[in-house]
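So the structure is just underneath, and the comments pick up after that.
The values are calculated or read from the model by the stated rules, or taken from the named source; none is laboratory data. Just so it is clear, the model here is predicted, and its values are computed rather than measured. Glycine also receives a Cβ, built like all others from the backbone with ideal geometry; neighbour counts cover every protein chain displayed. Note: accessible area is taken over every heavy atom of the protein model, side chains too, but ligands, DNA and RNA are not part of it. Shrake-Rupley method; radii C 1.70, N 1.55, O 1.52, S 1.80 Å.
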Amino acid sequence: RRKTALTVMAAPPEKEIVRVRCVVHQLLECDYKRGIVQADFQLEYTWESSALHDKVGAAPNLERACMARDCMFLVGDDTRYPTPALRLRNLAQVHSHEEWFSIKASSTPGMSLVSWKERYLADLAFRFDLADFPFDIQNPEIVLVAGKENYELQPSVDHERRSGVMVREFRRKEEYHLSRKIVFALHKTDPLESGSNLIYDVLKLQMCIRRRPMYWFWRILLPIFFITAASFTGLISERAAYVDRIMIALTMLLSILAVKFIIVDKLPADSTLTLLDRFVLQAFYMIVIATCISVGIGAFCDQGSQQDLLAFVICIAIWTAVQVPWVGYVVGLRLVQSRRTALFWHAVGFSFEDRRRKGGEGARRREEEKTTTTTKKKNKSEKKARKERKKRKSRTKERKEKI
């Protein structure tokens with residue numbers, strides 16, 4: 001007889017819940033070239049600890065305590081008390097950092113509530129999506145990663161002390177519209193990031209910045225539109241002044257190039273074409289087409305013909321026709337963005353626990369529906385099998401009677 005060894009799989013330990021609260025005091029700068037958002041924000045982590053149930057009100061030793069070293073100490077006590085070891089993933093540079101914690105009594109028996117607070121004035125790395133510039137919406141985020149596998153990150157449920165952004169002290173109100181709310185998004189780390197193939201919780205705290213595009217409209221878009229339309233006047237000038245036609249087109253090209261250098265100075269060296277780049281390229285193409293038409297008319301048409309006026313009208317019609325879909329796209333984009341932001345922030349009105357509970361109820365309903373459908377299918381198959389058995393029995397009886 002072979003002896004088979006039974007391997008008993010150990011149940012995974014229950015995860016300790018860490019509640020996260022964030023308050024952004026100031027959003028100072030959005031540097032598109034460096035890909036950095038400078039902000040002054042405060043983070044608060046709360047979790048229940050059984051090791052500190054008899055240490056309520058104890059004074060913390062801030063010189064030895066550090067969240068990144070996954071432990072904390074108390075004054076006059078050398079024991080190491082565990083912490084979630086949270087860290088900021090997208091932290092580029094820290095200008096100032098303060099941290100403190102407190103131990104309070106918890107509602108659950110045998111547990112204490114630990115509250116750890118940190119305040120940063122730091123640069124956060126963020127990749128800006130500038131495809132719709134200058135009609136874009138950016139969502140800069142603070143990325144928190146748990147340093148231990150047995151901790152689960154969740155947003156704070158306290159409605160009296162909610163997470164949010166202080167909008168009154170926002171310095172760049174003329175350029176951006178900053179929302180007051182923060183959206184929490186839960187993710188997981190890639191197992192390849194860990195040497196032991198472990199998966200940790202990731203919590204992203206997202207803000208919403210919407211650009212006010214009227215600065216770019218009055219100073220960039222509208223001048224380029226009129227410069228391109230003015231370049232068509234070379235078509236109706238005298239054909240004897242052949243050089244003047246080409247000079248008009250060249251001066252308009254140089255003026256658009258000067259505006260293009262202003263745009264390049266404010267945007268990063270990215271290979272993606274922004275909405276403003278497409279508009280400038282359309283202006284370039286139209287000026288080049290107008291110069292080619294003027295040169296062709298001067299070289300191949302007669303002096304007394306009306307080809308110049310016809311070409312001028314055609315160029316104006318093409319330029320306005322090209323701008324109609326561009327304007328329609330911009331209007332539709334703004335409508336979609338307003339609808340998306342409305343839906344995006346409407347979801348924040350529900351607490352995380354409500355959404356989680358609703359998601360759990362939906363999953364339960366789906367499981368119940370699946371079970372009901374499977375039971376119905378089983379009942380139908382059993383009924384068919386019973387009918388077939390009865391038919392077989394009746395046939396065998398008839399055969400025996402005949403015999």
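Would you check if there is a residue in segment 78-91 being of a type in the set (Val, Ile, Thr), at pLDDT 90 or above, within 22 Å of Pro109 (Cα to Cα) and crowded, with 16+ Cβ neighbours inside 10 Å?
no
Filtering segment 158-173 down to residues that are open to solvent by 50 Å² or more (accessible area, probe 1.4 Å) and either closer than 23 Å to Arg87 by Cα or touching a Lys or Arg at 6+ places or on another chain (Cβ under 6 Å) (or both), which residue is modelled with the highest pLDDT?
Ranking the qualifying residues of segment 158-173, first place goes to Arg162.
Out of (1) modelled with pLDDT of 70 or more; (2) open to solvent by 100 Å² or more (accessible area, probe 1.4 Å), what's the single condition that is false for Ile316?
(2)
A quick yes/no check of all residues on (1) assigned to a strand (DSSP E or B); (2) at pLDDT below 85; (3) within 18 Å of Ala131 (Cβ to Cβ):
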{"residue": "Phe225", "(1), (2), (3)": "no, no, no"}
{"residue": "Leu235", "(1), (2), (3)": "no, yes, no"}
{"residue": "Leu254", "(1), (2), (3)": "no, no, no"}
{"residue": "Ala258", "(1), (2), (3)": "no, no, no"}
{"residue": "Gln282", "(1), (2), (3)": "no, no, yes"}
{"residue": "Val288", "(1), (2), (3)": "no, no, no"}
{"residue": "Cys292", "(1), (2), (3)": "no, yes, no"}
{"residue": "Val295", "(1), (2), (3)": "no, yes, no"}
{"residue": "Asp302", "(1), (2), (3)": "no, yes, no"}
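Would you pick out the residues in segment 120-137 that are small (Gly, Ala, Ser), at pLDDT 90 or above and either surrounded by fewer than 20 Cβ atoms within 10 Å (Cβ to Cβ) or closer than 16 Å to Ala269 by Cα (or both)?
Ala125
Yes or no: Ser237 open to solvent by less than 40 Å² (accessible area, probe 1.4 Å), small (Gly, Ala, Ser) and in contact with an Asp or Glu (Cβ under 9 Å, 6 or more places away or on another chain)?
It is true that Ser237 is open to solvent by less than 40 Å² (accessible area, probe 1.4 Å), small (Gly, Ala, Ser) and in contact with an Asp or Glu (Cβ under 9 Å, 6 or more places away or on another chain).
Kindly provide the set of residues from segment 183-212 that are in a strand (DSSP E or B), over 14 Å from the mean Cα position of the chain (by Cα) and in contact (Cβ under 8 Å) with a residue 24 or more places away in the chain, ordered by number.
Asp201, Val202, Arg211
I'd like to check which strands (runs of 3 or more DSSP E) are fully inside segment 72-135 and have at least 1 residues that are in contact with an Asp or Glu (Cβ under 6 Å, 6 or more places away or on another chain) and without any contact (Cβ under 8 Å) to a residue 60 or more places away in the chain.
91-105
Output the residues belonging to segment 272-295 that are more than 20 Å from Pro325 (Cβ to Cβ), of a type in the set (Val, Ile, Thr) and open to solvent by less than 50 Å² (accessible area, probe 1.4 Å).
Once the filter is applied, which keeps residues that are more than 20 Å from Pro325 (Cβ to Cβ), of a type in the set (Val, Ile, Thr) and open to solvent by less than 50 Å² (accessible area, probe 1.4 Å), segment 272-295 yields only Thr291.
I'd like the full set of residues that are crowded, with 17+ Cβ neighbours inside 10 Å and either of a type outside the set (Gly, Ala, Ser) or touching a Gly at 6+ places or on another chain (Cβ under 6 Å) (or both), limited to segment 106-116.
Of everything in segment 106-116, those that are crowded, with 17+ Cβ neighbours inside 10 Å and either of a type outside the set (Gly, Ala, Ser) or touching a Gly at 6+ places or on another chain (Cβ under 6 Å) (or both) turn out to be Leu113, Val114, Trp116.
Yes or no: Pro140 open to solvent by less than 20 Å² (accessible area, probe 1.4 Å) and in contact with a Ser or Thr (Cβ under 9 Å, 6 or more places away or on another chain)?
no
Given the criteria touching a Gly at 6+ places or on another chain (Cβ under 6 Å) and either part of a strand (DSSP E or B) or not polar (S, T, N, Q) (or both), does Arg180 qualify?
Yes.
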